[in-house]
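Each remark here refers to the structure printed beneath this line.
What follows draws every value from the coordinates through simple rules; no lab data is involved. Model, not experiment: these values are computed from the prediction. Cβ sites come from the backbone with ideal geometry, for glycine too, and all protein chains shown count toward neighbours.
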Amino acid sequence: MRNAGNWDLKKRTKAFALRVIALVESLPRSRTANVIGNQLLRSGTSVGANYRSACRGRSTAEFISKMGIVEEEADESLFWMELLVESGIVKASKLKPLMEETNEIVAITVSSIKTSRKRKNKK
């Protein structure tokens, strides 16, 4: 059964991946930007893919495990964005909205994991 919240987060994580793709495509052509961009592209697109996988989890334990991957990939994406800013490759003002979205996705994911663990422990 599809939950409305799940559907919204599916769309949100896909939109996040598309924003990451656009950011990486806009990076200057340098060795450092290419390396960081490739890492960001992998982790940023992985967020939505792993969330979709989590929604298809066959058990609560599997859902929690896959959501842990979503959390890790989103946090890793934030790390690469921080490096882009702190290395001077991208201005902080350009990345601020995407970094805020990343933090929100991490928070939602952590909350979902905590809720799922509580429900699992009540059974």
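Kindly indicate whether R58 is over 17 Å from the mean Cα position of the chain (by Cα) and either in a helix (DSSP H, G or I) or not β-branched (V, I, T) (or both). If you could, list the steps in order and put the result at the bottom.
Values: over 17 Å from the mean Cα position of the chain (by Cα): yes; either in a helix (DSSP H, G or I) or not β-branched (V, I, T) (or both): yes.
So R58 fits the description; yes.
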Discussion item. Six or more apart or on different chains, Cβ atoms under 8 Å: show the pairs whose first residue is in the range 43-54 and over 15 Å from D75 (Cβ atoms) and free of Cβ contacts under 8 Å to residues at least 24 places away in the same chain and whose second is surrounded by 21 or more Cβ atoms within 10 Å (Cβ to Cβ) and among the β-branched types (V, I, T).
Written reply: A54/V70
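Taking L41, is it among the aliphatic types (A, V, I, L, M) and under 16 Å from the mean Cα position of the chain (by Cα)?
Working: among the aliphatic types (A, V, I, L, M): yes; under 16 Å from the mean Cα position of the chain (by Cα): yes.
Against the criterion (among the aliphatic types (A, V, I, L, M) and under 16 Å from the mean Cα position of the chain (by Cα)), L41 qualifies.
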Worksheet item: Can you tell which of F63, F16 is part of a helix (DSSP H, G or I), over 19 Å from N103 (Cα atoms) and aromatic (F, W, Y)?
Response: F63
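State whether one or more residues within the range 53-60 are buried (at least 20 other Cβ atoms within 10 Å of the Cβ), touching a Lys or Arg at 6+ places or on another chain (Cβ under 8 Å) and of a type outside the set (V, I, T).
Taking the range 53-60 and keeping what is buried (at least 20 other Cβ atoms within 10 Å of the Cβ), we get 54.
Applying the additional criterion that residues be touching a Lys or Arg at 6+ places or on another chain (Cβ under 8 Å) yields 54.
If we keep only those that are of a type outside the set (V, I, T) as well, we get 54.
Yes, that holds for at least one residue.
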